[in-house]
Amino acid sequence: MKFKRSERLIDMTHYLVERPHQLVPLTFFSERYGSAKSSISEDLTIVKETFEGRGVGIVQTVPGAAGGVKYIPKVNQEEAKEVIDELCLHLESSDRLLPGGYLFMTDLLGNPLLMKKVGKLLASAFAEKEIDVIMTVATKGIPIANAIAAYLNVPVVIVRRDSRVTEGSTVSINYVSGSSKRIQSMVLSKRSLKEGSRVLVVDDFMKAGGTVNGMKSLLEEFSATLTGIGVLVESENAEERLVDDYVSLLKLSEVNEKDKQISLTEGNYFQSNLTFLS
């Protein structure tokens, strides 16, 4: 069956968007549409220019016999700013303040459209990294990790506070909580993570960084490599920060529990040497 160019463009766009970071041979599209490779290359040029112009992402061509094309989700600076401003607006409501200077974020973490935006921002930040898997701690980090994973096209592994029979054999470590200085435990199934994996660690809220530091220690038990750390909100006033190399979208700059005032600013997202779409 012969496809019209308009049909090819729609189907090709859908195929690439559904499979980010996956290298697709040009012969696949050529056989799929019954078209010459030269026609497919022309189609991909149109898709590439539209994606980059509209801030959808990059269409990268890999030359050679084993090459092809892949879609890399990216954002432009204006889009990133809009999402971060939207998050600030949501989180600065006084009724979100919890004891200890924490913020109530469960409703936002359960908002699929908002998490999709967050996922694209953080996936864009680590798009050039070699990542095999995303790691987070149950439970609030899971929506963020899943959203990022959808754009990086990698699996998610979930660290738990205690062992479960459904996890099979596990690896357990003790770590020191950064804020309370208490000894806590975290557990990961042996089947969840392959030795030597390159891991992106994700958390919803980072105060002193004890939980993230614990996950870093857990990676050592699997001979895995930390490739990056992504955080939705970091606390500005954390003493003795245990983690210093990370990307955050928001910074909790001031909390007045007495007057129930919350002040958030941009995190270090725009200072993290990111490459934005023009």
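I want the local charge near LEU44. Using Cβ-Cβ distances under 14 Å, sum +1 for each Lys or Arg and -1 for each Asp or Glu among the other residues.
Values: positive: ARG5, ARG8, ARG32, LYS37, LYS48, LYS70; negative: ASP11, GLU42, ASP43, GLU49, GLU52.
Residues close to LEU44 contribute a combined charge of +1.
Please name whichever of GLY57, ALA36, GLY67 sits farthest to the positive end of the charge dipole of the chain, dipole taken about the Cα centre and charges placed at Cβ: Lys and Arg +1, Asp and Glu -1. The residue sitting most towards the positive pole is ALA36.
With neighbour counts taken as other beta-carbon atoms within 10 Å, the residues MET135, MET1 rank, fewest first, as MET1, MET135. Across the range 156-278, Cα-Cα distances exceeding 24 Å account for 36% of all pairs. By the rule of a C-alpha distance below 19 Å, with chain neighbours fewer than 8 residues away ignored, the aspartates and glutamates paired with LYS258 are GLU92, ASP95, GLU236. Sorted fewest first by neighbouring Cβ atoms within 10 angstrom, LEU89, LEU226, LEU264, LEU219 come out as LEU89, LEU226, LEU219, LEU264.
Kirkwood hydrodynamic radius (Cα pairs, Å) of the chain? Taking every pair of different Cα atoms in the chain, averaging 1/r and inverting gives 20.4 Å. Amide H contacts under 5 Å for LEU226: VAL199, restricted to partners 5 or more places along the chain or on a different chain, H placed in the peptide plane at 1.01 Å from N.
List the chymotrypsin sites (Phe, Trp or Tyr not before Pro) within the range 35-120 that fall in a DSSP loop (any state other than H, G, I, E or B) and whose Cβ has at most 16 other Cβ atoms within 10 Å.
Details: sites: PHE51, TYR71, TYR102, PHE104; in loops: PHE104.
Those that pass, being in a loop and sparsely packed, are PHE104.
Mind putting a number on the dipole of the chain about its Cα centre? Charges go on the C-beta only, +1 for Lys and Arg and -1 for Asp and Glu, and I need it in Debye to the nearest 20. Don't skip to the answer; put the middle values down first.
Numbers: 33 positive and 36 negative charges, 196 e Å.
Using only the charged Cβ atoms, the result is roughly 940 debye.
Distant-in-sequence amide contacts of MET206, defined by a placed amide H-H separation under 5 Å and a gap of 5 or more residues or a different chain, comprise VAL233, GLU234, SER235.
Can you give the percent of C-alpha pairs in the range 43-191 whose distance is more than 23 Å? Mind showing how you got there, number by number?
Details: 5892 of 11026 pairs.
Distances greater than 23 Å cover 53 percent of the Cα pairs.
Mind pulling the per residue volume of the convex hull built on the Cα atoms of the range 1-86? Å³ is fine.
Values: hull volume 8.2 nm³, N = 86.
Taking only Cα atoms, the range 1-86 has a hull volume of 96 Å³ per residue.
Under 5 Å from the amide H of VAL69 lie the amide H atoms of VAL24, LEU26, VAL62, each residue being 5 or more positions distant or on a separate chain, with H modelled from the backbone and absent for Pro and chain starts.
Determine, for LEU23, LEU250, LEU232, LEU218, the number of other Cβ atoms within 10 Å of each Cβ, and report the residues in order from fewest to most. Provide the component values of the computation, followed by the final result.
Details: LEU23 12, LEU250 20, LEU232 27, LEU218 24.
Exposure proxy ranking, most exposed first: LEU23, LEU250, LEU218, LEU232.
Each other residue within a Cβ distance under 15 Å of ASN256 adds +1 if Lys or Arg and -1 if Asp or Glu, for a net charge of -3. Applying a threshold of 26 Å to the alpha-carbon distances of LYS48/LYS216; LYS37/LYS129; LYS81/LYS207; LYS70/LYS190; LYS190/LYS251 flags LYS48/LYS216; LYS37/LYS129; LYS70/LYS190; LYS190/LYS251 as lying beyond it.
Throughout, read-outs are computed from the coordinates displayed, never taken from laboratory work. Computed from a prediction, not measured in an experiment: that's the story for all the values here. Glycine gets a Cβ as well: all are built from the backbone with ideal geometry, and neighbour counts include every protein chain shown.
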